[in-house]
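Please treat every number below as a calculation from the coordinates, not as lab data. This one's a predicted model, so the numbers in the text were calculated from it and none came from an experiment. All Cβ positions, glycine included, derive from the backbone under ideal geometry; neighbour counts span all protein chains shown.
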Amino acid sequence: MNQPYFTYEAEGQTLIVHLPEELDHHNCSGLKYETDLILSENYIRRIVFDFSKTRFMDSSGIGILLNRYKQMALSGGSIAIYGAGPQALRILKIGGILKLMKLYDSKEAAVTG
Amino acid sequence: MSEQNKPEILKMELEALSKNEEFARVAVAVFMARLNPTLEEVDDVKTAVSEAVTNTVIHGYQGNGGIIYLEVGIDGQEIAVTVRDTGIGIPDIKLAMEPMYTTDPDGERSGMGFSFMEAFMDQVEVKSAPGEGTVVTMKKKING
């Protein structure tokens, strides 16, 4: 209980967001507040989303990705994804996310770009 | 009629709380296991249920809580899921079902809920009356 849904890691000007097992409306509720806070206090040029623990995702996940994309696009930054399993991958495809964000095989590759 | 192909039904009443979104989709997934679905078919139904239940929590009851009536029927190899609420209802169903349309004020919603239900189920029917509530019925043939 009370385990954080998202954990954050910074590597230089890159923010890595480790996503929860279930990426739904319930679990997404804190992300906007938390990332807004991090982005306002740090100089972040790239956000990397780690899907390696995520087993389920619905359109709530698409919503948070699209909004972070808009945020980064405004400041000239970029977004990358790694670790997506079969279910998340289908949702990312149908949700049009793979046209906007690049998918990588590993964390290292996603951070480097 | 043998026990194997007799129609079966599951009825649940859940409080419209966001933490019940996961419970609802997992309960439906467990119930449909008797149809020997593929993992992909289970994911399809789970996603559609999650979308419908989330709509009820956020839009139908506006985050103020209420009761979600979830009904799952299995007839032969077909699964039918009905998600009903007695919330505010949808004034314009056609508009609400348009991809990317959302009434969410904080902009964190994608507006793809109904599109996902339609993408993952064979049939989606929405009935709604403002002030009375909404009923979403979704059907899918499970080939296994």
Counting only residues 5 or more apart in sequence or on a different chain, those whose built amide H sits under 5 Å from that of B:G66 are B:A16
Just to confirm the number: angle between the C-alpha axis of helix B:20-32 and the first principal axis of chain B, 0 to 90 degrees, nearest 10? 20
Please average, across the residues of A:69-75, the number of beta carbons from any other chain that are within 10 Å of each residue's own beta carbon, and give a whole number. 0
Per-residue Cβ counts within 10 Å, from other chains only, averaged over A:19-26: what number is that? 5
Per-pair calculated FRET efficiency, R0 = 30 Å: B:T103 and B:N36 via Cβ, rounded to 0.05: 0.15
Springs between alpha-carbon pairs under 10 angstrom, Gaussian network model over chain B: which of B:E108, B:E132, B:E40 fluctuates most? B:E108
What does the net charge come to around B:G89 if you take all other residues with beta carbon closer than 13 Å to its beta carbon, with K and R at +1 and D and E at -1? -1
Average beta-carbon neighbours from other chains, 10 Å sphere, peptide A:60-66: 6
List the residue ranges in chain A for DSSP H helices whose C-alpha atoms run 20 angstrom or more along the long axis and whose Kyte-Doolittle average is -1.0 or above. A:59-74
Using the Kirkwood radius over Cα pairs of segment A:7-108, the Stokes-Einstein translational diffusion coefficient at 25 °C and 0.890 mPa s, in µm²/s and rounded to a whole number, is 182
Debye equation applied to the C-alpha atoms of the protein assembly as shown, log10 I(q)/I(0) at 0.12, 0.15, 0.17 Å⁻¹: -0.72, -1.06, -1.28
Amide H within-cut-off set for A:Y104, under 5 Å, with H built and near neighbours excluded: A:I81, A:Y82, A:G83
List, in order, the whole-Hz ³J(HN,Hα) value for each residue of segment B:114-123 obtained from phi through the Karplus relation with A = 6.51, B = -1.76, C = 1.60 and θ = phi - 60°; use x for Gly and Pro. 5, 4, 5, 4, 5, 6, 9, 10, 6, 8
Order of A:34-40, B:73-79, A:57-63 by packing, highest average Cβ count within 10 Å first? A:57-63, B:73-79, A:34-40
Counting other C-beta atoms within 10 Å, and keeping those with at most 13, which DSSP coil chymotrypsin sites (Phe, Trp or Tyr not before Pro) do you find in segment A:34-88? A:Y43
In nm, to one decimal, how far is the modelled label at A:S75 from the one at A:L98, with both set 7 Å along Cα→Cβ? 2.9
Short version: ³J(HN,Hα) in whole Hz for each residue of segment A:97-111, in order, from phi by Karplus 6.51 cos²θ - 1.76 cosθ + 1.60 (θ = phi - 60°), x for Gly and Pro, what are they? 5, 5, 7, 9, 10, 8, 9, 10, 7, 9, 4, 4, 5, 5, 5
How many angstrom lie between the Cα centre of segment A:58-94 and the Cα centre of segment B:125-141? 29
Whole percent per 10 Å bin, from 0 to the bin with the longest distance: what is P(r) over all C-alpha pairs of chain B? 12, 44, 33, 10, 1, 0
Quick note on B:L14, B:L95, ordering by fewest other C-beta atoms within 10 Å, gives B:L95, B:L14
